[in-house]
Amino acid sequence: MDTFIQDIDILPYKRFYSVDKIPDLTGKVAVVTGGSGGIGIEICRQLAVHGAKVYILSRGEAHALQVIAQIKDSHPSADLEYHELRLESITESIASAKAFLQKVHRIDIVHLHAGFVVASMDGTVDGIEPLFGMQHMGHFAFIMTLLPFLEKQSLDDVRIIVTSSRNHELVPKPGIDFTKLGPGKPKDLDEVSLRYGRAKLANMLMSNQLAKVLKARGVTNITVNAHDPGVILTGLMKPVARELGCFGPLYLAWYKLISISPQEGALTALFLSTSPDVKGVSGEYYVPIGRKAKCSKLALDDALQKKLWEWSEGQMSRVSS
Ligand SMILES: NC(=O)c1ccc[n+]([C@@H]2O[C@H](COP(=O)([O-])OP(=O)(O)OC[C@H]3O[C@@H](n4cnc5c(N)ncnc54)[C@H](OP(=O)(O)O)[C@@H]3O)[C@@H](O)[C@H]2O)c1
């Protein structure tokens, strides 16, 4: 797990945003993939507390409904709803986006946030390595299906926020070998870490390329930015601890020591989706807490961005033909 250890930022993070800076969001509609997990819950809570209608997208309806009940317990006027999303299937990601469009009359904020580190399957439904297939390909299919609607709306400030990770910086050249994205078990936790970094690099590449594509089309009211939320002890780490066997509890204790709270972990995402300072800013990368940063050289590689885009479009055509 060396790569996880290298990824520690110096605490405490400088704070450029806080919940008291979130403006009134009444009338706005927000969608958060992975909104039922550790950081996602806090993103959803704050968006809803500040007046937005929030849709929590995940696989587990029962758990998401519990999350909604908990938020409404302390904030009865919060308006949250569950919508099913299964990112491990391109077809289902597209179907989820289409069904979602039937429910809403506007979309102001899209957080592409869901993720995991250890996969319970060897490959996605479409035969793609699961971390890549779910975190990148599922999200790509989902956002590409929403995009025509986002572009047609006459809203002047629509924001897409991609949750990446500092781990994207740990991926060695060439970044993504497109011949090696098939299913298969990782041989050890170092490979898990590399696969996770590769999926997070894909998130960065997609975010940067989508910002360019929109700009090239003259779309100025939709912005796309990516971020790293920081180090936060959430459900994400539990499967890693399980893989580590008797060292698992030690790993979790260490992770807790270097973690910020999920509330703080949500702030960079919230900064990007709600701060008036980010209006019109697109194609950028932020780290905790709301600080603009440089992403890796690979994430800025034009050729790699285009290649991933074309590969992803190809995957969508493959499943729909
Ligand atoms: N925690 C950290 O230190 C850290 C650091 C850097 C980046 N991140 C990123 O932050 C994001 C959230 O992490 P977290 O720590 O909050 O994780 P978490 O607590 O494990 O939450 C993950 C969320 O993703 C959803 N999800 C998982 N698989 C899914 C699938 N196939 N389809 C749809 N939804 C799915 C989960 O709901 P269901 O299981 O019900 O589907 C849950 O809502 C991830 O993108 C992660 O990579 C986290």
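The values are calculated or read from the model by the stated rules, or taken from the named source; none is laboratory data. What you are looking at is a predicted structure, and each value in this text was computed from that prediction instead of being measured. No Cβ is skipped: glycine too gets one built from the backbone with ideal geometry, and neighbour counts run over all protein chains shown.
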Find the residue count for segment 243-295, including only residues that are modelled with pLDDT of 95 or more, part of a helix (DSSP H, G or I) and not hydrophobic (A, V, I, L, M, F, W, C). 9
Assess whether residue 218 counts as being at pLDDT 95 or above and part of a loop (DSSP other than H, G, I, E, B). yes
Criterion: among the hydrophobic types (A, V, I, L, M, F, W, C), surrounded by fewer than 24 Cβ atoms within 10 Å (Cβ to Cβ) and either under 17 Å from residue 285 (Cβ atoms) or modelled with pLDDT under 95 (or both) - qualifying residue of 231, 224: 231
Which members of segment 233-267 meet the condition of being in contact (Cβ under 8 Å) with a residue 60 or more places away in the chain and over 19 Å from residue 189 (Cβ atoms)? 260, 262, 263, 264, 265, 266, 267
Subset of segment 92-141 (residues that are closer than 23 Å to residue 53 by Cα and of a type in the set (Val, Ile, Thr)): 94, 104, 107, 109, 110
Within segment 54-66, work out how many residues are more than 8 Å from the ligand (Cβ to nearest atom) and buried (at least 22 other Cβ atoms within 10 Å of the Cβ). 2
Segment 233-242, residues that are over 12 Å from residue 115 (Cβ atoms) and within 6 Å of the ligand (Cβ to nearest atom): none
Restricting attention to strands (runs of 3 or more DSSP E) lying wholly within segment 23-127, give those where 2 or more residues are more than 30 Å from residue 256 (Cα to Cα) and touching a helix residue (DSSP H, G or I) at 6+ places or on another chain (Cβ under 9 Å). 79-84
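Does at least one position in segment 197-209 carry a residue that is within 9 Å of the ligand (Cβ to nearest atom), in contact with a helix residue (DSSP H, G or I) (Cβ under 9 Å, 6 or more places away or on another chain) and over 30 Å from residue 49 (Cα atoms)?
yes
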Pairs returned, first residue in segment 165-188 that is more than 16 Å from the ligand (Cβ to nearest atom), second residue that is at pLDDT 95 or above and of a type in the set (Asp, Glu), beta-carbon separation under 6 angstrom, 6 or more apart or interchain, are 181/129
Out of curiosity, is residue 13 in a strand (DSSP E or B), buried (at least 16 other Cβ atoms within 10 Å of the Cβ), more than 9 Å from the ligand (Cβ to nearest atom) and of a type outside the set (A, V, I, L, M, F, W, C)? no
Suppose the filter is assigned to a helix (DSSP H, G or I) and either within 16 Å of the ligand (Cβ to nearest atom) or in contact with a strand residue (DSSP E or B) (Cβ under 9 Å, 6 or more places away or on another chain) (or both); does residue 159 pass it? no
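Please count how many residues of segment 133-156 are within 15 Å of residue 309 (Cα to Cα) and more than 14 Å from the ligand (Cβ to nearest atom).
Counting residues in segment 133-156 that are within 15 Å of residue 309 (Cα to Cα) and more than 14 Å from the ligand (Cβ to nearest atom) gives 3.
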Residue hits (segment 221-232; away from the ligand (no atom under 12 Å from the Cβ) and either among the polar types (S, T, N, Q) or part of a loop (DSSP other than H, G, I, E, B) (or both)) are 221, 223, 225
